[in-house]
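Comments concern the structure below.
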Amino acid sequence: MGDPNSQDKDHAWRRSILRGLERRLSTAGAKRKHLLADCLPLLERSEIRIRPDGWGQLHGFADGRAVSITPFSETLAFRRLPQLWIAVTAHCDLRARGVLDVVRRSTNAEFYAPAADLPTRFAAPAQWPPDTLVKGNGAGAPSTLALLTEPLSLLFTDARVKEALVAPRGVRIVYQAREGVRGAYLLFRQSRFSVDRLHPDEVSPLIASAQSLASLLSLPPTLKRTANAAV
């Protein structure tokens, strides 16, 4: 028979380890839930809904249009730290016929972007960054690209903007909120991000950009030409 004192110490050590893991998981879970808590005032009738992956998704309205802000993490790209993305979506019925997906620095690991499944590749406008991938489908994709050339050239001056997606049901912008903590990933393969809550000043311009694109695409054709000429 083993030493009872030794067994008690072993059990105590195991309980201590489990409590530490529980605290760490609880802290990580709280961070995921409350990442966008400070951004609630940015939207009307706003609420946070917890997704199955634990991230808190912000829902609300801006100028009468439904808006959602969805955080998610990604670790698929080879030799790159984990990424914390936020997807800002303006939900509305657009006049766009088809889908246009514009992705910066594509690594073919963008599981959230439909670009890989879209059949037509377009040349990126000259004023866009040279690492821009443009894919689409539908009869309206070329006209959507022409309409958004100038607005997206302004949006892409921020290198942390990863994607702009236009579909018949709305506009989405994907933005790099944070990059993973290097030590936690290299040593333990953990996705840790050095942020508890995103500041509203970081998220507000993305909402405004998504709203602006959605409004432009919702205009009648004659007004679209006038608005684009004024950009």
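The values are calculated or read from the model by the stated rules, or taken from the named source; none is laboratory data. Predicted model only: the values in this text are computed from it and were never measured. Neighbour counts run over all protein chains shown; Cβ positions are idealised from the backbone, glycine included.
Checking GLU74, GLU47 one by one, the residue that is touching a Pro at 6+ places or on another chain (Cβ under 8 Å), acidic (Asp, Glu) and more than 18 Å from ALA210 (Cβ to Cβ) is GLU74 and no other. On inspection, ARG104 does not qualify as among the charged types (D, E, K, R), surrounded by fewer than 17 Cβ atoms within 10 Å (Cβ to Cβ), modelled with pLDDT of 95 or more and under 14 Å from the mean Cα position of the chain (by Cα).
Output the residue which, of all residues in the range 176-231 that are polar (S, T, N, Q) and in contact with a Phe, Trp or Tyr (Cβ under 9 Å, 6 or more places away or on another chain), is modelled with the highest pLDDT. Let's see the steps before the verdict.
Within the range 176-231, the first condition is being polar (S, T, N, Q), and the residues that meet it are 176, 190-191, 194, 204, 209, 211-212, 215, 218, 222, 226, 228.
Then keep just the ones that are in contact with a Phe, Trp or Tyr (Cβ under 9 Å, 6 or more places away or on another chain); that gives 176, 191.
Values: GLN176: 96, SER191: 61.
Once the filter is applied, the top-ranked residue is GLN176.
Given (1) in contact (Cβ under 8 Å) with a residue 40 or more places away in the chain; (2) in contact with a strand residue (DSSP E or B) (Cβ under 8 Å, 6 or more places away or on another chain), identify the lone condition not met by ASP38. The number of the failed condition is (2).
Residues checked against (1) in contact with a helix residue (DSSP H, G or I) (Cβ under 9 Å, 6 or more places away or on another chain); (2) β-branched (Val, Ile, Thr); (3) more than 14 Å from TYR175 (Cα to Cα):
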position: VAL99; (1), (2), (3): yes, yes, yes
position: ARG105; (1), (2), (3): no, no, no
position: VAL134; (1), (2), (3): yes, yes, yes
position: LEU154; (1), (2), (3): yes, no, yes
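Selection of the range 142-166 for residues being buried (at least 16 other Cβ atoms within 10 Å of the Cβ), aliphatic (A, V, I, L, M) and out of contact with any Lys or Arg (no Cβ under 9 Å at 6 or more places or on another chain) yields LEU145, LEU148, LEU152, LEU155. Would you confirm whether or not the range 54-70 contains a residue that is surrounded by fewer than 18 Cβ atoms within 10 Å (Cβ to Cβ), among the acidic types (Asp, Glu), within 16 Å of the chain's Cα centre (by Cα) and not in a strand (DSSP E or B)? The answer is no; no qualifying residue exists.
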